[in-house]
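Contents: one structure, followed by commentary.
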Amino acid sequence: MENVDIEGIDYMWNEVFSWTKEQLRRCGKPYGKMRDIAEAKFLKPLQKPELVDVGGRSFEYIHFLMETVETYRNACTRLQSRLIENQQTLINVQKELSDCKSEKLEAMENVVKSSVATSVKEEFKSYSSVVSSSTPTAPTFCPEALKTVVKTVVAEEDRSRNVLVFGLPEEDGEELETKISGVFEEIGLKPKLEAQRIGKKKTASSTRPVKVCVSSSLIVHQILVNAKNLRKSAKYKTVFLSPDRSLEQREARKELIVSMRAKALEEPNKKFYIKDGQILSRDRED
């Protein structure tokens, strides 16, 4: 405790203790037997000078003990105040963490709601255009078409939380989630995940892709952004990460790849790549 001279107090306390034992010995009372102090057989007469000395020293030590008790009382009061301040600080920090977590969850919820709302809007627009083009009169409500729209939206949302992993060696009895965690740790991420091999093995030596499910589409986005770092890894340089696309999206991407390769043959001085569903290019570095 600050402002408390512990060594000085220990020194004085030992002095008081030793002096008290000595005075009790002079009076004929063994130290530690308080019930015997009033019995006359243990008392020895003291002269006046001795009584004056004992009385003076007693008052001096009593004063010291009172000051020591007051010092410790003040120190305990300060510590109690500091403890209360620290507890309040801890409460404030916990509240800030809770608010930060709530804001993050709210932001993620808004992203999901926006994504679902956009998908529903697009699906209904497509459905409305089909109905309006096929019949000149007011469209008739079709429950089956509505179910199809909802299923499409739900499936799209489920895929947004998936990542496909290609080129990861397949072994009998493998701990797949541990292996996938190793891939993600290589690119600086440690998300909670579920993983499973998909498709059928064509040959004994073939390697099936892995479908990985994480908690949100935001995590998927971060994984795909960091995936380029696998090319620098000696252990996982043959592993490739891809979003979980629908059949229509896969067909559209195949067409884009074919077009991109044709452009690359026509303009070999440029480097072509696909981003956001478009073929882009830049000049090759010398």
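The values are calculated or read from the model by the stated rules, or taken from the named source; none is laboratory data. Bear in mind the structure is a predicted one, so any value in this text is a computation, not a measurement. Please note: Cβ atoms are built from the backbone with ideal geometry, for glycine as well, and neighbour counts cover all protein chains shown. These accessible areas exclude ligands, DNA and RNA; they are computed on the full protein's heavy atoms, side chains included. Shrake-Rupley method; radii C 1.70, N 1.55, O 1.52, S 1.80 Å.
What the table shows:
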{"read-out": "Surface accessible to a 1.4 Å probe, Lys235 within the full protein complex, Å²", "value": "150 Å²"}
{"read-out": "Average accessible area per residue (Å²) across region 146-286 - probe 1.4 Å, nucleic acids and ligands excluded", "value": "70 Å²"}
{"read-out": "Largest to smallest accessible area among Val93, Val16 [probe 1.4 Å]", "value": "Val93, Val16"}
{"read-out": "Cβ-defined net charge surrounding Gly182, 12 Å radius [Lys, Arg +1; Asp, Glu -1]", "value": "-2"}
{"read-out": "Trp19 accessible area, 1.4 Å probe, all protein chains in place, Å² to nearest 10", "value": "40 Å²"}
{"read-out": "Computed lengthening from Ile84 to Arg253, 0.36 nm per intervening residue step minus Cα-Cα distance", "value": "54.6 nm"}
{"read-out": "Rounded percent of accessible protein surface that carbon and sulfur make up, region 166-223, 1.4 Å probe", "value": "49 percent"}
{"read-out": "Exposure rank, largest accessible area first [Cys213, Cys100; 1.4 Å]", "value": "Cys100, Cys213"}
{"read-out": "Met12 accessible area, 1.4 Å probe, all protein chains in place, Å² to nearest 10", "value": "50 Å²"}
